[in-house]
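S.K.: Below are the structure tokens for one structure; questions will follow.
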Amino acid sequence: MRRVGFVAAAVLSAILIVVLGWAIPPRAAIISTDRLGPESGEVVAQYLDRARKSLEGGDSEGHWALLSFTEGVTADRIPEFGGGLRISEIDYHVTVDRVATPIIAVGVPAGDAVAVASLKSAAAQVESTPTFDDRSTRVKNLVAARLRANCPCVVGIVLYGPLAQLRILAAHPGIRAVEALPADAAAGVFAVSPLLPEQADTASPTPDDGPVPAN
């Protein structure tokens, strides 16, 4: 009799699980193919044309956009390029001839002061990254030291604003490209890869066969 009770309880439990699974289906994972910046190996001229076309349109909605520079700038200059728009990410890159160095992305809340202070966060992020060989350790120390020294290493800014204002930013001296996503792109679920100033022909990885400077 006890065994029959166990079987009945198991059957009821299974039915309950099925019913609950139908009534409260699992949340679908967020999958996004949105991306700001050139694809790896993309011809730079093609990317620049694609970025220009992304700013076409007359809607007044906000768009997430990536601003890439002709050459890196210091963090204290971020406000002059933001145009008063909401900045959400600063991308840093320490350029070293024939040495592969990371792009450091720092998410920021609203406000120019925190955007400027992101330089310290970028340096701390690099310093906390584990390394597993002598070369990567020396690269890590070099990148962190140059960031701490306020190098002109801001290469990208992700911001949010209407197309009309983004077009004004794109005409600013020192800005190489502004690329916007469609207005319905969700915040925080798109990839970002700034066009680096040294990428003249293609958006290809930097060679990593040169000596690592001491500082």
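S.K.: Condition first: in contact with a helix residue (DSSP H, G or I) (Cβ under 8 Å, 6 or more places away or on another chain), closer than 26 Å to Asp208 by Cα and surrounded by fewer than 17 Cβ atoms within 10 Å (Cβ to Cβ). Now tell me which residues in the range 75-115 satisfy that.
M.R.: Scanning the range 75-115 gives Ala100, Pro102.
S.K.: To continue, here is another question. Is it the case that some residue within the range 64-77 is modelled with pLDDT of 95 or more and among the basic types (Lys, Arg)?
M.R.: Checked the range 64-77: at least one residue is modelled with pLDDT of 95 or more and among the basic types (Lys, Arg).
S.K.: When the range 19-57 is examined, which residues are found to be surrounded by 10 or more Cβ atoms within 10 Å (Cβ to Cβ) and either hydrophobic (A, V, I, L, M, F, W, C) or modelled with pLDDT under 55 (or both)?
M.R.: Within the range 19-57, Val19, Leu20, Gly21, Ser32, Leu36, Val43, Val44, Ala45, Leu48, Ala51, Leu55 meet the criteria.
S.K.: Hey, can you tell me all the residues within the range 31-77 that are among the hydroxyl-bearing types (Ser, Thr, Tyr), within 21 Å of Pro152 (Cβ to Cβ) and under 16 Å from the mean Cα position of the chain (by Cα)?
M.R.: Ser68 - this is the single residue of the range 31-77 that is among the hydroxyl-bearing types (Ser, Thr, Tyr), within 21 Å of Pro152 (Cβ to Cβ) and under 16 Å from the mean Cα position of the chain (by Cα).
S.K.: Just one of (1) in contact with a Gly (Cβ under 9 Å, 6 or more places away or on another chain); (2) surrounded by fewer than 15 Cβ atoms within 10 Å (Cβ to Cβ) trips up Ser60, so point out which.
M.R.: Of (1) in contact with a Gly (Cβ under 9 Å, 6 or more places away or on another chain); (2) surrounded by fewer than 15 Cβ atoms within 10 Å (Cβ to Cβ), only one is false for Ser60: (1).
S.K.: Something else: Do we find that Ala177 is touching a Leu at 6+ places or on another chain (Cβ under 9 Å), within 26 Å of Leu67 (Cβ to Cβ) and among the aliphatic types (A, V, I, L, M) in this structure?
M.R.: Considered against the rule, which asks whether it is touching a Leu at 6+ places or on another chain (Cβ under 9 Å), within 26 Å of Leu67 (Cβ to Cβ) and among the aliphatic types (A, V, I, L, M), Ala177 comes out as yes.
S.K.: Going residue by residue through the range 153-161, is there one that turns out to be in contact with an Asp or Glu (Cβ under 9 Å, 6 or more places away or on another chain) and surrounded by fewer than 21 Cβ atoms within 10 Å (Cβ to Cβ)?
M.R.: no
S.K.: Take Gly83 and tell me if it is under 21 Å from Ser68 (Cα atoms) and modelled with pLDDT under 95.
M.R.: So Gly83 passes the test.
S.K.: If you go through the range 123-177 one residue at a time, how many are outside any loop (DSSP other than H, G, I, E, B), touching a strand residue (DSSP E or B) at 6+ places or on another chain (Cβ under 9 Å) and under 30 Å from Gly83 (Cβ atoms)?
M.R.: 23
S.K.: Within the range 32-67, how many residues are assigned to a strand (DSSP E or B) and over 13 Å from Ala200 (Cα atoms)?
M.R.: 8
S.K.: Gln125 passes all but one of (1) closer than 30 Å to Gly58 by Cβ; (2) of a type outside the set (Val, Ile, Thr); (3) at pLDDT 95 or above; which number fails?
M.R.: All conditions are met except number (1).
S.K.: Then there is this: Just wondering, is there one or more residues in the range 74-95 that are part of a helix (DSSP H, G or I), in contact with a His (Cβ under 7 Å, 6 or more places away or on another chain), in contact (Cβ under 8 Å) with a residue 40 or more places away in the chain and not acidic (Asp, Glu)?
M.R.: yes
S.K.: Only one of (1) exposed (fewer than 12 other Cβ atoms within 10 Å of the Cβ); (2) in contact with a Phe, Trp or Tyr (Cβ under 8 Å, 6 or more places away or on another chain); (3) not charged (D, E, K, R) is not met by Ala180, so which one is it?
M.R.: Condition not satisfied by Ala180: (1).
The values are calculated or read from the model by the stated rules, or taken from the named source; none is laboratory data. Small disclaimer: the values here were computed from a predicted structure and weren't measured. Don't worry about glycine lacking a Cβ; one is built from the backbone with ideal geometry, like all the others, and counts go over all protein chains shown.
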